[in-house]
Ligand code: UTP
């Protein structure tokens, strides 16, 4: 123990053991275990580089807009390429080479929901949770392609046990226990502005999940990659837990990724305006790179093309294709980590006297990594544009923009558009929004085309109806 104390003091973190003598034996043991798990070698560097210094990530001197594939082909040649890619993607799904992967380890502080965000009820008619929606989509896709699509779920120590309980209680939403793999991401300690690690309790280091970028390490260390290899899974469809509109396996996206020999690819949105708060897809030294909106200089943010469109028009939405072999390559030296981003936060902790503090203003730094920082490490990377109304309705906030209410409206909105494309009349209000509430079970239709094929099973829709197509 003296040894540990000296080690801690050598990295200026002696405060972590101040209350040791107040603790019960099991609390003491737990705290010592947490201290032993700290990366003593790295802490001084983290403090100097990221905690005390906020200019950590160097913005490149020169960057250009990244090229992308449009959501619909623009030329005949492109049309042919899309058709071939879709077919190739379907073949890969059929051959069992795809898995779904959701990152669900975030704290969801903005939503303020009690429990894992994936358990948030969101579907407009049946109130299905996000986890149920993703699982049902994967199951329906597996049935459509007569295959198995395993589901990998990343949690954090804060929500892992509850997430496992939720899946168990729901009998794995029909996917089969053997096809669901739930694993935890790592955590990083929280610091005060002087670089001292905070205590959440006398026996507990204040820490937080290491960001969605932690997935690329946790997939490996948890054994998820080994499980994929055993199954012959070669490609991961990656998405965020808050987006129920995501297409969990998209043949076109998979096909373009594979035909262009990419290792990590992305879907992108055309930004709603120059300052929309999404990462910008750029090209740096020939590599696709996401630069955070807050880091893009004003001139570039507002720059226009000759046709009036934004020069940096592509926003990142947390939807990727990732090669299993790429993740293995990143982890081959055993100590893989993406660069840290620094977030100044209000961090509850105990003070020097052991009194609990719930800060009203930011008092420290959390470090996290972002998955898109791995894109430039890929030998090739494809960007496919998608449409907001088709594929991006994140539940982030309790009210206002990106709230559950908006997401539900968008879910009904997409169903309405699919129904109309199938020739069904949907009652609309004077502002154009649907005058009804609509939901489709993934087993009924996964795409607009699937729905068209079931046109004769769809009843008439009257104003104010709540319709579930299941
Ligand atoms: P967000 O950036 O929206 O963060 O995560 P959050 O933690 O869910 O919500 P707030 O900011 O506290 O309100 C985007 C996606 O990345 C996952 C989240 O679960 C979500 O799917 N994520 C985020 C992780 O899996 N781990 C993390 O450490 C952070």
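Quick notes
Residues checked against (1) touching a strand residue (DSSP E or B) at 6+ places or on another chain (Cβ under 7 Å); (2) within 23 Å of residue 375 (Cβ to Cβ); (3) within 14 Å of the ligand (Cβ to nearest atom):
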| residue | (1), (2), (3) |
| --- | --- |
| 187 | yes, no, yes |
| 195 | no, no, no |
| 226 | no, no, no |
| 246 | yes, yes, yes |
| 254 | yes, yes, no |
| 257 | yes, yes, no |
| 263 | yes, yes, no |
| 276 | yes, yes, no |
| 281 | yes, yes, no |
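- Evaluation of residue 117 against (1) touching a strand residue (DSSP E or B) at 6+ places or on another chain (Cβ under 7 Å); (2) within 14 Å of the ligand (Cβ to nearest atom); (3) under 21 Å from residue 319 (Cβ atoms) (one fails), failing number: (1)
- Among the residues making up region 1-36, those that are touching a strand residue (DSSP E or B) at 6+ places or on another chain (Cβ under 9 Å) and part of a loop (DSSP other than H, G, I, E, B) are 13, 18, 19.
- Cross-chain or 6+ apart pairs with Cβ under 6 Å, region 167-190 first and touching a residue at least 60 places away in the same chain (Cβ under 8 Å) and over 19 Å from residue 120 (Cα atoms), then assigned to a loop (DSSP other than H, G, I, E, B) and away from the ligand (no atom under 12 Å from the Cβ): 190/198; 190/206; 190/347
- Count of region 130-156 residues which are within 14 Å of the ligand (Cβ to nearest atom) and either within 16 Å of residue 248 (Cα to Cα) or surrounded by fewer than 23 Cβ atoms within 10 Å (Cβ to Cβ) (or both): 7
- Neighbours by Cβ (under 6 Å, 6+ apart or cross-chain): first from region 100-115, on the phi > 0 side of the Ramachandran plot; second more than 7 Å from the ligand (Cβ to nearest atom) and at pLDDT below 95: 112/398
- Single condition residue 294 does not satisfy, out of (1) within 16 Å of the ligand (Cβ to nearest atom); (2) assigned to a helix (DSSP H, G or I); (3) in contact with a helix residue (DSSP H, G or I) (Cβ under 6 Å, 6 or more places away or on another chain): (3)
- Subset of region 420-445 (residues that are in contact with a strand residue (DSSP E or B) (Cβ under 9 Å, 6 or more places away or on another chain) and in a loop (DSSP other than H, G, I, E, B)): 426, 427, 435, 436, 441, 444, 445
- Odd one out for residue 221, checked against (1) under 14 Å from residue 135 (Cα atoms); (2) within 16 Å of the ligand (Cβ to nearest atom): (1)
- Index of the failed condition, residue 110 passing every other in (1) in contact with a strand residue (DSSP E or B) (Cβ under 6 Å, 6 or more places away or on another chain); (2) within 16 Å of the ligand (Cβ to nearest atom); (3) closer than 18 Å to residue 415 by Cα: (3)
- Tally of residues being within 16 Å of the ligand (Cβ to nearest atom) and exposed (fewer than 15 other Cβ atoms within 10 Å of the Cβ) across region 69-102: 0
- Any hit, region 78-99, residues being touching a strand residue (DSSP E or B) at 6+ places or on another chain (Cβ under 9 Å) and more than 20 Å from residue 256 (Cβ to Cβ): no
- Verdict on residue 105 being outside any helix (DSSP H, G or I) and within 16 Å of the ligand (Cβ to nearest atom): yes
- Members of region 9-30 found to be within 36 Å of the chain's Cα centre (by Cα), more than 16 Å from residue 206 (Cα to Cα) and touching a residue at least 12 places away in the same chain (Cβ under 8 Å), listed by number: 11, 12
- Note on region 306-398: enclosed strands (runs of 3 or more DSSP E) holding 3 or more residues that are surrounded by 21 or more Cβ atoms within 10 Å (Cβ to Cβ) and touching a residue at least 40 places away in the same chain (Cβ under 8 Å) are 314-323, 364-368.
- Flag for residue 215 being surrounded by 24 or more Cβ atoms within 10 Å (Cβ to Cβ) and either within 30 Å of residue 445 (Cβ to Cβ) or within 12 Å of the ligand (Cβ to nearest atom) (or both): yes
- If you go through region 44-77 and keep only what is touching a strand residue (DSSP E or B) at 6+ places or on another chain (Cβ under 8 Å), outside any loop (DSSP other than H, G, I, E, B) and more than 30 Å from residue 191 (Cβ to Cβ), you end up with 64, 65, 69.
The values are calculated or read from the model by the stated rules, or taken from the named source; none is laboratory data. Predicted, not measured: the structure shown is a model, and the values here were computed from it. Quick reminder, even Gly has a Cβ in these numbers, built from the backbone with ideal geometry, and neighbours come from all protein chains shown.
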